[in-house]
Every structure is written in C-alpha cells, then in structure tokens.
Amino acid sequence: MSYLIVVDLGGTKIRAALAEAGGRITAARTLPTQAGRGAAAVLLTLKEALAALLEEARCPWSEVAGVGVCVAGFYNKEKDIMVCSPNLPGWDGLPLKAKLEESLKLPVAVENDASAAAYGEYCYGAGRGQENLLLLTLGTGIGGGLVLNGKLFGGSRGFAGEIGHIPMLSGGPLCRCGRHGCLEALASGTAIALKGRELYAAGTPTLLRQLKDEAAALRAEDVFAAASLGDGPARQIIDTASFYLGRALAVAANILNPGIILLGGGMAAQGDQFLAAIRRSFAAAVSPPIAEGLEIRLAELGNDAGIYGMLALLVESCFPGGAICL
C-alpha cells in the first residue's frame, strides 16, 4: 500500500500527518517550529519528525508516494522558491521544494497555506458544492485562498488570494509586507492587539486594564472579551476591524463573483456579533447583483483545513480518481 505525507508548516507549529492512498489519516503529530533557528534547522527537525511518524506507523519510506507541504507566505510556484514569509524569518529565496526533495528523496508539492485551506474547505468542508469560493483566514495575519471553476487558483506564479495586502487606508499603519494601510495591518489579530495595547498605555478607561496587568500582555482575544462585556473602546477596535474586513471582502467579491465566502482562522470563532458586523460592512459596499445569494459563513475544518487541502491535492496528483475518506 502507498502512503502520503502532508505537512502544515507554520511559524509556530509544524503539523504532519500520514495518510493511506485513499486519504485516511493513520498517524499525526504536532511539534514547535522554533522558526528563529533558521531554515536549515527547521527542515532538519521536519525530517526527523516525519521519520518518527513513519516509525510510529511502521511504514517504510519506500511506501511513501509523495509529500505535500503548505506554508505561510509568498511562495513562487513558477520558480519553486519562497519569496518571503513574515512567519519564517530567513527563508527569503529558499528553494523549498528542491531542499525537501533532496532531503526526503521523495516528490514534494508545496502550496500556500491559505490556498491549501481553501481547497480543503472546497473538497470536504463548508465549501462543498460551490465551484467558486473565497476563503479568508483571520489570525495573526490575514490570508486568502481561491477556488475558481472547481480548481485551486494561484494566478500566474501562485500569489493569488493575498487579500490581506489589499491597501485599505492611505497612510495607514505599517504592514509586515513593508507597505502601509494593508487590510492585515488594520484588521488582523496582531493589529487588534496593538490597538488594545495603545488604549491601555494611553490610560483610556477600559475593561482591558482589568484583564491584564500590563499593556504588553494584551492579545486580540482580550480585546474581543472586553468588547463582549460592553467595553466601548474595545468595541470600537472590533467595529473598525469588522468595517475594513467587510469592505475588503466586497472588493474581492466585486472582482471574483464567488458563490460563497468562508471565514477561517482563530479570529473567525469570536462570535456572532463579529460575523454580523463584517456582513453589514460587506453589504454596504458590495455591488447588489453580486451580493444576491452570496453568503458569508464560517469555515468548518478549523486547523485541519490546510492538511486536508494538501491531502486532496496529493491524492489527485499521485492517485488519479482517488478520493479522501474523512
């Protein structure tokens, strides 16, 4: 029997899974990335983790047909190099596919993590039955993935879907991409936490001061918690983020005319009030004919979306006609 290995390589965690040819996952493990050690150390750790995974499953390397890796950042699929990744410092220009194939002695496919998540939701999650969908991942940053006409869409070099870097505010805050006023710099978890810390440090009367002992300890979830308790300043931060998210989705919808928009990532689970605010902002900006019948809803696969997306892509390429058994 042939097996497949899929990996979600993030700045904080590496999640790896071993699956049978039909797609059934037989073993999985998660370990810290420790990205600050550099690319060579992380890739060595990844190889060791995969070896341990195979040993646990009593599967020899010779039984593995291929490896799929999804990774955050701008990955040039035309040249198979990592252009840049804010979560993986020092990986700029890394020929990731070639490095992995040299190390693992197996064929390797690499995909952007949000794109893989979008394909996972299309095949096995909230996007089933929709030939055209947009997935927005809301967390430390903001990513996006596209499925158009039933196919994962990466554009000419694999960069399509980077909705987090739509410029939304001229002269706005600095984004990790080096530009100012991107959606990610205005509405990501990082941006929300930063605004909360600014409130705290300014001495603004807010419940945030009761949730944490110092400004530096504040996280996005603290701002959401304070807003849910009726804190006005925290509510304003969340409303501002919701406004920009809805407007950016309207821009994307007007261009792409998707059948559904899905919201994934940790921030997407912050409650109905947050989702309702995004929908209101979206409805106020999107073209009415495009809005008709277009639903914004939560993704279903959570942190497994990228894993299942890469698995689907590998099954299709390695075993044509195969299907995943969830």
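Every number in this text was worked out from the coordinates using simple rules, so none of it is lab data. Everything numeric here is computed off the predicted structure, so don't read it as measured data. Methodologically, a virtual Cβ is constructed for each residue, glycine included, from the backbone with ideal geometry; neighbour enumeration extends over all protein chains shown.
Evaluate the distance, in nm, between pseudo-label points positioned 7 Å from the Cα of A269 and of S2 along their respective Cα→Cβ axes. Placing both labels 7 Å along Cα→Cβ, they lie 3.5 nm apart.
Site pair I290 and E48 shows an inter-label distance of 4.9 nm when each label is modelled 7 Å from Cα along Cα→Cβ.
For the chain, the number of Lys pairs separated by eight or more positions or lying on different chains, with C-alpha atoms closer than 24 Å, is 21. Please grab the % of Cα pairs in segment 138-239 that end up more than 22 Å from each other. Across segment 138-239, Cα pairs with separations above 22 Å total 41 percent.
Our estimate of slack between A57 and N257, defined as 0.36 nm per intervening residue step minus the Cα-Cα distance, is 67.6 nm. Taking every C-alpha pair closer than 8 Å and separated by at least 6 residues, the mean separation divided by the residue count of segment 194-326 gives a relative contact order of 20 percent.
Between D272, D80, D304, the Gaussian network model of the chain with springs among Cα atoms under 10 angstrom shows the greatest mean-square fluctuation at D272. Restricting the trypsin sites (Lys or Arg not before Pro) of segment 118-204 to loop positions (DSSP other than H, G, I, E, B) with no more than 14 neighbouring Cβ atoms within 10 Å leaves R128, R157, R179.
Only Lys, Arg, Asp and Glu carry charge here, each on its Cβ (+1 for the first two, -1 for the last two); on that basis segment 128-299 has a dipole of about 260 debye about its Cα centre. Other residues whose C-beta falls under 14 angstrom from the C-beta of G161 contribute a net charge of -2, scoring Lys and Arg +1 and Asp and Glu -1. Less than 18 Å from a label point 7 Å out along the Cα-to-Cβ axis of A216: which backbone N atoms in segment 170-207 qualify, by residue? So the set is 193-203.
Computed from the alpha carbon atoms alone, the convex hull of segment 128-299 holds 116 Å³ per residue. Ranked by the mean number of other Cβ atoms within 10 Å of their residues, highest first, the peptides 137-143, 260-266, 297-303 fall in the order 137-143, 260-266, 297-303. Listed options for mean projected area of the Cα convex hull in nm² are (1) 17.0; (2) 16.1; (3) 21.3. The value calculated from this structure is the one marked (1). Given the options E111, E162, E63, which has the most mean-square fluctuation in a GNM of the chain, springs set between C-alpha atoms less than 10 angstrom apart? Highest fluctuation of the listed residues: E63.
Taking label points 7 Å from Cα along the Cα-to-Cβ direction, R297 and S170 give a separation of 4.0 nm. Across the chain, Cα pairs under 8 Å and at least six residues apart give a relative contact order of 19 percent.
Take every Cα pair under 8 Å in segment 61-185 that's 6+ residues apart, average their separations, divide by the length, and report that relative contact order as a whole percent.
Relative CO of segment 61-185 lands at 19 percent.
Ranked by how many other Cβ atoms sit within 10 Å of their own Cβ, fewest first, the residues H165, H180 fall in the order H180, H165.
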